[in-house]
1. For the stretch 49-66, which residues satisfy the criterion of being under 27 Å from Asn14 (Cβ atoms) and modelled with pLDDT under 85?
2. Would you please name the residue that is modelled with the lowest pLDDT, looking only at residues in the stretch 23-39 that are surrounded by 10 or more Cβ atoms within 10 Å (Cβ to Cβ) and part of a helix (DSSP H, G or I)?
Amino acid sequence: MKSGQVPTDWKEANVIPVFKSGCRNDATNYRPVSLKSPLSKVFETIVRDQVVEFLEVNKFTRMLAISMSIPNLKIARLVQF
């Protein structure tokens with residue numbers, strides 16, 4: 001973390017299709033699920049918590065309300081806001 005770089009292994013994910021319902025021959029009946037490193041998930045949670053704390057302290061209530069309405073907030077979504 002001191003170097004400011006994320007290890008390459010943490011950036012990679014295995015994406016697998018998970019069947020939802022309907023005809024198994026229709027690609028739209030599958031949703032992608034990415035399997036990531038447990039360490040990357042922990043790191044993502046730490047970063048999310050720090051961003052939420054920053055928003056609370058600096059009274060960005062609208063952004064915070066949006067972030068709390070998304071169960072699995074991705075930092076990229078917040079940056080795009």
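1. Val51
2. Among them, the one singled out is Leu39.
Every residue, every condition in (1) β-branched (Val, Ile, Thr); (2) in contact with a helix residue (DSSP H, G or I) (Cβ under 7 Å, 6 or more places away or on another chain); (3) without any contact (Cβ under 8 Å) to a residue 40 or more places away in the chain; (4) in a loop (DSSP other than H, G, I, E, B), yes or no:
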site	(1), (2), (3), (4)
Gln5	no, no, yes, yes
Asp9	no, no, yes, no
Ser21	no, yes, yes, yes
Lys41	no, no, yes, no
Thr45	yes, no, yes, no
Val52	yes, yes, yes, no
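The values are calculated or read from the model by the stated rules, or taken from the named source; none is laboratory data. These figures come from a predicted structure and were not determined experimentally. Backbone-built Cβ (ideal geometry, glycine too); neighbour counts: all protein chains shown.
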